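Visitor: Once you've had a glance at the structure underneath, I'll fire off some questions.
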Amino acid sequence: MTVPCSESKITSAVWGPLGEYVIAGHENGEINQFSAKSGEILKTAKEHTKQINDMQSSVDLTMVISASKDNTAKLFDSTSLDHIKTFKTERPVNSAAISPIMDHVVMGGGQEAMEVTTTSTRIGKFEARFFHAAYEDEFGRVKGHFGPINCVAFHPDGKSYSSGGEDGYTRIHYFDQHYFEFELEG
């Protein structure tokens, strides 16, 4: 089946629960839920103001996170497309992922790749950033890339994550025991 999208190009997509629909992020910041049987739009959400760069599902497929050029990542209910949480940064977000075992979100991004040569890595904000999924508070950053981070993903066991950057490196980070014992005070 082909789903025509004449208004705005699809930039990322994930399957919904039970394979009944596909959730797609668009160049104009819109998110659509397409029926896997008919291709028709079932639901629409317009929470982002700029292009969606990436979408990833939670391990149980109940939530989806979107990463956008509007400097945010947003968490949605995958069935209703209700907006749940927003995670804000100062730079475009290229990728975001949901931990399979913790209430955590990791985001990667940084300034546009074409601007990297005109600034230092410290100013470019090329860190992976960790947020608490319920409180929306940032609690950690991991440095290492010297260019924008294009993709992030948690390992299925939740004990590590990986990031791929414009610098040409894929970095695999294993969490130490302190990460699993850390509790954000409310």
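The values are calculated or read from the model by the stated rules, or taken from the named source; none is laboratory data. This structure is a prediction, so every number in the text was calculated from the model and none was measured. Glycine gets a Cβ as well: all are built from the backbone with ideal geometry, and neighbour counts include every protein chain shown.
Visitor: Do you know which of the residues in segment 1-48 that are touching a Lys or Arg at 6+ places or on another chain (Cβ under 9 Å) and exposed (fewer than 14 other Cβ atoms within 10 Å of the Cβ) is nearest to Met63 (Cα to Cα)?
Guide: Glu20
Visitor: If you don't mind, another one. Only one of (1) at pLDDT below 95; (2) loosely packed, with under 15 Cβ neighbours inside 10 Å fails for Ile101. Which number is that?
Guide: (1)
Visitor: Determine whether segment 51-69 contains at least one residue that is among the charged types (D, E, K, R) and more than 30 Å from Gly140 (Cβ to Cβ).
Guide: No: zero hits.
Visitor: Another one. Taking the stated definitions as given, is Lys125 farther than 22 Å from Ile101 by Cα, surrounded by fewer than 16 Cβ atoms within 10 Å (Cβ to Cβ) and either in contact with a Phe, Trp or Tyr (Cβ under 9 Å, 6 or more places away or on another chain) or not β-branched (Val, Ile, Thr) (or both)?
Guide: In short, no.
Visitor: Between Thr89, Thr72, Thr44, Thr49, which is free of Cβ contacts under 8 Å to residues at least 24 places away in the same chain, in contact with an Asp or Glu (Cβ under 9 Å, 6 or more places away or on another chain) and more than 19 Å from Pro156 (Cα to Cα)?
Guide: Thr49
Visitor: Failed condition for Met55, given (1) surrounded by fewer than 18 Cβ atoms within 10 Å (Cβ to Cβ); (2) touching a residue at least 40 places away in the same chain (Cβ under 8 Å), with all others met?
Guide: (1)
Visitor: Let me ask something else about it. Among the residues of segment 1-53, count how many are under 23 Å from Gly108 (Cβ atoms) and among the β-branched types (Val, Ile, Thr).
Guide: Residues in segment 1-53 being under 23 Å from Gly108 (Cβ atoms) and among the β-branched types (Val, Ile, Thr): 7 in total.
Visitor: Can you tell me which residue within segment 159-186, out of those that are over 18 Å from the mean Cα position of the chain (by Cα) and either outside any loop (DSSP other than H, G, I, E, B) or β-branched (Val, Ile, Thr) (or both), is farthest from Lys143 (Cα to Cα)?
Guide: Out of the qualifying residues, it is Glu181.
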